[in-house]
1. Using the charge dipole of segment 51-117 (Lys, Arg: +1 at Cβ; Asp, Glu: -1 at Cβ; taken about the Cα centre), state which of THR87, HIS63, THR105 has its Cα farthest towards the positive end.
2. Taking the Cβ-Cβ separation of ASP40 and ASP101 as r and a Förster radius of 45 Å, what is the calculated FRET efficiency to the nearest 0.05?
3. Of the accessible area of segment 50-117, with the probe set at 1.4 angstrom, what percent is carbon plus sulfur?
4. Using packing as a proxy for protection, rank 89-99, 72-82 so that the peptide with the highest average count of other Cβ atoms within 10 Å comes first.
5. Highest mean first, what order results for 50-63, 101-114 on Cβ atoms within 10 Å?
Amino acid sequence: MLSKLGPSLQKRDGHSSIHDAALLEATEIMKIYERCIQEDELEKAYRVADVFVEHWESRTLAHARTEEEHLYPEVREQHPEWTSMITMLERDHALLQRIVDQMKTKLLLHEADRSMLPLMHALIVIDEIHNEDEMEILPDHDHEHNHHHENNHHHEHNHHHEHNHNHNHDHH
């Protein structure tokens, strides 16, 4: 059991909602940035890009550090077979950090322009893929219970169908 972690970090639903909220916010900030660039409001674009970077550092990258310090070591310990997946997830975090660092360099050079957009898009795409992969290593007791329930229902349905099928043959 992942005992040291809060429930939202250990379970798929809670963890997924953390990711979904952060991605939704990042996407909205990116749309505002795109509008600023389209309308040639470069000073405003600079401020929005700064907010975008701050968002990634305070939400997604801070969350990533927590995962690397607490979640991943526990999962590795309990499921050594997932080590390569966790290594890939850590690589995703490193890529996200590198892209954010590139954006910070651009901000220092006051380069809030169209060249920022591919970096914003890359962060969002990498994080979406990362989040899907990460859900594979999180426990989900409700999911297991529902899957078990569906299998029992399916079995009962087949048994009922076989009974009716045999019953029909008796009358012919």
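The values are calculated or read from the model by the stated rules, or taken from the named source; none is laboratory data. A quick note: this is a predicted structure, and the numbers were derived from the prediction, not measured. Here Cβ is always computed from backbone atoms with ideal geometry, including for glycine, and neighbour counts include all displayed protein chains. These area figures cover heavy atoms from the full protein model, side chains too; ligands, DNA and RNA do not enter into them. Shrake-Rupley method; radii C 1.70, N 1.55, O 1.52, S 1.80 Å.
1. THR105
2. On the way: r = 27 Å, r/R0 = 0.60.
Plugging the Cβ-Cβ distance into 1/(1 + (r/R0)^6) gives 0.95.
3. Values: 2020 of 3700 Å².
Of all accessible area on segment 50-117, carbon and sulfur atoms account for 55 percent.
4. Working: 89-99: 15.9, 72-82: 14.1.
Averaged packing, sorted descending, gives the order 89-99, 72-82.
5. Values: 50-63: 17.3, 101-114: 13.9.
So the peptides 50-63, 101-114, ranked by packing, come out 50-63, 101-114.
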